[in-house]
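Engineer: Dropping the structure in here first, questions after.
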Amino acid sequence: MDATDQKRLLREMLFARRFEERCAEAYHERQIGGFLHLYPGEEACAIGVLEKARTGSDYVVTGYRDHIHALKSGMDPKALMAELFGKETGCSKGRGGSMHLFDPDVHFMGGYALVGGPFPLAAGFAKAIQLRGSDEISICFLGDGANNQGTFHETMNMASLWNLPVLFICENNLYGIGTAIERSTVEINQYKRVAPYKIEAAQCDGQDIDVVMDHAEKAVQYVREKRKPYFLELMTYRLRGHSMSDSGAYRSKEEVEEWAQRDPIGIYKRRLLEAGVVSEDEFHAMDKAILDEIENEIVRFAAESPEPRLEDIARYVYTEKEAGSHG
Amino acid sequence: MAEMMYWQGILRAHDEEMARDPLVFAMGEDIGVAGGTYKATSGLFAKYGEQRVIDTPISENSYTGIGVGAAMIGARPIVEIMSVNFAWLAMDQLMNNAAKIHYMSGGRIRCPFVMRVPGGTAHQLGAQHSARMEKVFMGISGLRVVTPATPRDAYGLLKSAVRCDDPVVIIEHESMYNLKGEIPDEEFFTPLEGVEVMRPGKDVSIFAYNISVHWALDAAQKLAQDYGIDAEVVDLRALKPMDRAGIAASVRKTHRAVVVEEDEAPVGVGSEVVAILNEECFFDLDAAPVRVHALDVPIPYNRHLEKAAIPNAGEVVAAVRKMLGR
Ligand SMILES: Cc1ncc(C[n+]2csc(CCOP(=O)(O)OP(=O)(O)O)c2C)c(N)n1
Ligand SMILES: [Mg+2]
């Protein structure tokens, strides 16, 4: 990877961090409502994996902590912020919200609230790809907690049985809301849980984007060439609460501090500084430019966009019929 | 025009749609090699192969979700659930995903997903195989729910459902797969919305759907023969969205309404129709509408108890006579 790409990746992670922090502010200012699940601490997962996929062509799906997966898939950040503000210009026209981002133009297939709900959808994209005989793959990002849903086991079985080209990425951040993984799950190594389904799997550090990309590259290649599922577990940690209403009482300051030392942006920045790829000055300029873009372009766009019209409330319950269609 | 059985109509619709579009595929338990519990997919496995006629594991929620996912990117799945009782297991994917994705995405993603389920009470299958769940499906925004009463509609509704870009649930009936009826030789599509008047009449409107259409038709014949009452039988057919104007139009003519459903009364088809009558044509009514429905019990195994739990043509006749005082 050359210096330009390394700088771009650092910028993408920093952008993701600043974007999420700005969302938190907007939530406190009551411009964003509902549930808001942010991604700080986990940036290397979505960005590292999707760096190795064909974004825009491969199909991506995830849960409710979906902003950064959508961005890295190619969603316009303005459409994302506008969605969070509930505006008509949002990626889901203000009907979805933070947990339900969609952009089929870049094959970002959503944002879902029900833990474990996307597993079968991801396998379904793979099934349609298989029927078409095209070479895309389907990529499903979910948390460790999702693996205790029936859909996990049912889908792993069918994905393996039918050779579906799905890459399952488990973002293991050690908690499902306030319940530590060892308190909910017998086998805490998630990648071992697909062994009975004869799915190839690996586990790696999710904080170092170089490590993530290394594993993701192999995983993506495996799925694309072998047309079979693969399961990659990324060990990560969220530095903020589960959502905006999280007391954080379930984990110690020491633990959070320890993981803060392994902040993915810190790790990558130090590496690039040492290699002379970026300087502190460049990094600060990058940060300033990001903050400026978020404030003056993205938030501004969202704030100035129109609300959906009340008379359109029942639009989209059903598809609008084309002339000559049946039903 | 050929006489066909209900299951043959369903099979023909599958076959025509699968031959036409390589992205139409079928999945469900025992639908492939075994040919389907009610034969409705028999022969398709040999003709279209295991990629398109898929025998699934017993994982209702997830294979429903796989169908939904495939539909979201342009495939046309027809998912069969072996019995409507097992559809409870698939409610998460059906309600939370299939029904809502188009709306939640601001109309950007379509979900042309079809679920077929045999519903209804057959013969002594016990409480866990005798559920009637139309009330559940029809309460979900974003779904379409249709119920064929005849072989013709079993064929025509499936044809329309496969072509429709919304998720459609088709509720069939375990006791009707061998029912015979005429199906035109040329391709046709039964609309997914709207009622159909099965027997015109002027004295009372009997609203029914699925198997209860046959009870209503039997009752109408007896009412005409024995009591000189001219009943109109209306097949509701589409339970969601329901045809409010069609329901009201019949009652504007007859001024009386009886609703016949195989299900328990609470929160059901009958309550919905009566509410529609209140809202659409209350002042056209000459009598309070009446519901004929199942008893509010889990369906018992014992054959006499089972029979007593489910309504029949005789109960429809009695309800109409009481309403008309004849
Ligand atoms: C079916 C279901 N049950 C419960 C919840 C409430 N809930 C939301 S997030 C969450 C924890 C999920 O943890 P995990 O899968 O590890 O993802 P993370 O939030 O850690 O990224 C729970 C229990 C839900 N959304 N869906
Ligand atoms: Mg977690």
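Engineer: Can you tell me the relative contact order of the stretch B:2-183? Whole percent, Cα pairs under 8 Å, sequence separation 6 or more.
Structural biologist: Relative contact order of the stretch B:2-183: 28 percent.
Engineer: Only four residue types carry charge here, +1 at the Cβ of Lys and Arg and -1 at the Cβ of Asp and Glu. Report the dipole size of the stretch B:2-183 about the Cα centre in Debye, rounded to the nearest 20.
Structural biologist: 420 debye
Engineer: A further question follows. Rounded to a whole number, what % of the accessible area of the protein assembly as shown do carbon and sulfur atoms account for, probe 1.4 Å?
Structural biologist: So the carbon and sulfur contribution to the accessible surface is 52 percent.
Engineer: How large is the convex hull of the C-alpha atoms of chain B per residue, in Å³?
Structural biologist: Per residue, the Cα convex hull of chain B comes to 128 Å³.
Engineer: Skip the ligands, DNA and RNA, and give the accessible area per residue of chain B with a 1.4 Å probe, whole Å².
Structural biologist: 36 Å²
Engineer: Tell me the relative contact order for the stretch B:196-324 as a rounded percent, counting alpha carbon contacts under 8 Å between residues six or more apart.
Structural biologist: 27 percent
Engineer: If you average the C-alpha positions of the stretch A:206-250 and of the stretch A:259-286 separately, how far apart do those two centres end up, in angstrom?
Structural biologist: 21 Å
Engineer: I'd like to know how the stretch B:2-183 sits against the 2.2 N^0.38 Å rule of thumb: what's its Cα Rg over that expected value?
Structural biologist: The stretch B:2-183 yields a ratio of 0.95.
Engineer: Points 7 angstrom from Cα along the Cβ direction at A:ARG30 and A:SER245: gap in nanometres?
Structural biologist: 1.6 nm
Engineer: Rolling a 1.4 angstrom probe over the protein heavy atoms, how many square angstrom per residue are accessible across the stretch A:3-306?
Structural biologist: About 38 Å² of surface per residue is accessible.
Engineer: Right, another one. Which FRET efficiency, nearest 0.05, do A:ASN163 and A:MET1 yield, Cβ-Cβ r, R0 41 Å?
Structural biologist: Calculated transfer efficiency: 0.85.
Engineer: Follow-up question, since we're still on this one. Note the buried accessible area between B and A here, summed over both chains, with a 1.4 Å probe, in Å² to the nearest 100.
Structural biologist: 3900 Å²
Engineer: Also, I was wondering about something else. To test your reading of the geometry: what angle, between 0 and 90 degrees and rounded to tens, separates the Cα axis of helix B:6-20 from the longest principal axis of chain B?
Structural biologist: Approximately 40 degrees, to the nearest 10.
Engineer: Okay, moving on. Roughly what % of DSSP beta bridges within chain B run antiparallel, to the nearest 5?
Structural biologist: Bridges in chain B that DSSP calls antiparallel: roughly 20 percent.
Engineer: Hey, another quick one. Got the relative contact order for the stretch B:234-301 handy, in percent, Cα pairs under 8 Å and 6 or more residues apart?
Structural biologist: Value for the stretch B:234-301: 40 percent.
Engineer: Just tell me how shielded B:69-80 is by partners: mean number of partner chain Cβ atoms within 10 Å of each residue's Cβ, no decimals.
Structural biologist: What the average comes to for B:69-80 is 6.
Engineer: Which value in deg cm²/dmol, rounded to the nearest 500, describes the helix-derived mean residue ellipticity at 222 nm for the protein assembly as shown, given -39,500 (n - 2.57) per DSSP H run of n ≥ 4 and division by the residue count?
Structural biologist: So the calculated ellipticity at 222 nm is -11500 deg cm²/dmol.
Engineer: Just how far, in whole angstrom, is the stretch A:14-58 from the stretch B:149-173 if you go by their alpha carbon centroids?
Structural biologist: About 42 Å separates the Cα centre of the stretch B:149-173 from the one of the stretch A:14-58.
Engineer: Check the straight Cα-Cα distances from A:LYS226 and name the aspartates and glutamates below 16 Å, setting aside those fewer than 8 residues away within the same chain.
Structural biologist: A:ASP58, A:ASP135, A:GLU136, A:GLU200, A:GLU217
Engineer: Which lysines, if any, have their Cα less than 23 Å from the Cα of B:LYS322, not counting same-chain residues under 8 positions apart?
Structural biologist: B:LYS202, B:LYS222, B:LYS253, B:LYS307
Engineer: Further, regarding this structure: Which helices, counted as full DSSP H runs in chain A, have an axial Cα extent of no less than 18 Å and a Kyte-Doolittle average of -1.0 or above?
Structural biologist: Length and hydropathy pass: A:3-28, A:118-132, A:209-226, A:280-293.
The values are calculated or read from the model by the stated rules, or taken from the named source; none is laboratory data. Predicted, not measured: the structure shown is a model, and the values here were computed from it. In this analysis, Cβ positions are derived from the backbone assuming ideal geometry, glycine residues included, and neighbour counts consider all displayed protein chains. The protein model used for the area step is the full one, side chains on, heavy atoms only, and it has no ligands, DNA or RNA in it. Shrake-Rupley method; radii C 1.70, N 1.55, O 1.52, S 1.80 Å.
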